[in-house]
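The values are calculated or read from the model by the stated rules, or taken from the named source; none is laboratory data. These numbers were taken from a predicted model, which means no experiment stands behind them. All Cβ positions, even for glycine, are placed from backbone atoms using ideal geometry, and neighbour counts span all protein chains on display. Areas reflect the complete protein model, heavy atoms only, side chains present, ligands, DNA and RNA absent. Shrake-Rupley method; radii C 1.70, N 1.55, O 1.52, S 1.80 Å.
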Amino acid sequence: MSHLVSPSLLSADFLHLQRDVEMLNDSEADWLHLDVMDGVFVPNISFGFPIMNLLQSITDKPLDVHLMIVQPEKFVDEVAAMGAHIMNVHYEACTHLNRVVQAIKAKGMKVGVTLNPHTPVALLNDIIEELDMVLLMSVNPGFGGQKFIQNTLSKVDELKNLIIQKKTNTLIEVDGGVDLNTGKLLVDAGADVLVAGSFVFSSENPREKIHQLKML
Ligand code: DX5
Ligand code: ZN
């Protein structure tokens, strides 16, 4: 399959969210990436359910929800109720990861597990068969506009090998510092979904940036 692009709304203009979501509706974006931060798991706070529910009502795109929060299991029902396509929880935030994964699936959502830059891919060995997607962080989560961590490329490679070895259909998504250069390297390494925030929204022509990412 050709790769997907999931623009992160974190870098959008928060005073004009409706305008930016409508722009995305009219773009080649495959998903809409929503970054939820709690000020505990990451040193920043973004937005929560009141805003996401409104966004859901005006987007045509499947919601790719990335929870950078402690105890994400508390919010499985809310994320399902807002009609999310996929719920991503951090490996580092889940003591009983298998239980959280099953709870997300039981609500009919796809499930993704996210790894911080320092968390080894090998830790997924005994859960990968349950996962629809693995989200590799290529920056330390919490902020848009950071520099891509090069080591992510070898993690994509390692994850691809694990997926092949286990014969699963798990997608590989990468988030942080994605632009045309890093995006090309990631797609060549086997990434299936590219998240991009500042690269898309800092442009005068975000739709064109999304098109360029799709063309990689
Ligand atoms: C970072 C978020 C990312 C962020 C990416 O914590 O998870 O989704 O919006 O932003 P860029 O593409 O600017 O690195
Ligand atoms: Zn994200």
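Residue-wise HN-Hα couplings along segment 175-183, as the Karplus relation 6.51 cos²θ - 1.76 cosθ + 1.60 with θ = phi - 60° gives them from phi, are 9, x, x, 7, 9, 5, 6, 5, x Hz; Gly and Pro carry x. Just checking the listed ones, 103, 84, 29: in the Gaussian network model of the chain with Cα springs under 10 Å, the one fluctuating most is 103. Maximal additional length on extending the residue 140-residue 44 stretch stands at 33.4 nm, based on 0.36 nm per residue less the C-alpha distance. Could you look at segment 1-69 and say what percent of its accessible area is carbon and sulfur, using a 1.4 Å probe and all protein chains? Using a 1.4 Å probe with all protein chains present, segment 1-69 comes out at 55 percent carbon and sulfur.
Working from Cα pairs under 8 Å separated by at least six residues, relative contact order for segment 4-214 is 21 percent.
Each principal axis of the Cα cloud of the chain was taken in turn, and the coordinate range along them, longest first, works out to 43, 36, 31 Å. Taking a ≥ b ≥ c as the square roots of the eigenvalues of the Cα gyration tensor, segment 16-99 is prolate, since a/c reaches 1.5 or more and a/b is larger than b/c. Ligands, DNA and RNA left out, the accessible area of segment 84-204 computed with a 1.4 Å probe is 48% carbon and sulfur. Within the shell of other residues whose beta carbon sits under 9 angstrom from the beta carbon of residue 112, the net charge comes to -2, with Lys and Arg scored +1 and Asp and Glu -1. Treating r as the C-beta distance of residue 161 and residue 57 and R0 as 35 Å, the FRET efficiency rounds to 0.30.
Shape annotation for segment 70-157: C-alpha extents along the principal axes are 36, 30, 21 Å, from largest to smallest.
Accessible area of residue 73 (1.4 Å probe, protein heavy atoms only, ligands and nucleic acids ignored): about 90 Å².
Applying 1/(1 + (r/R0)^6) with R0 = 22 Å to the Cβ-Cβ distance of residue 70 and residue 14 gives a FRET efficiency near 0.35.
Largest GNM mean-square fluctuation among 66, 96, 85, using the chain with Cα springs under 10 Å: 96. Build a GNM of the chain with springs between Cα atoms under 10 Å apart, and of 124, 185, 54 the one that fluctuates most is 54. The packing ranking, built from the mean of other Cβ atoms within 10 Å per residue, places the peptides 14-20, 136-142 in the order 136-142, 14-20, highest first.
Excluding ligands, DNA and RNA, the accessible surface per residue across segment 4-214 is 44 Å² with a 1.4 Å probe. Lysine pair count for the chain (Cα-Cα distance under 23 Å; residues 8 or more apart in sequence or on different chains): 28.
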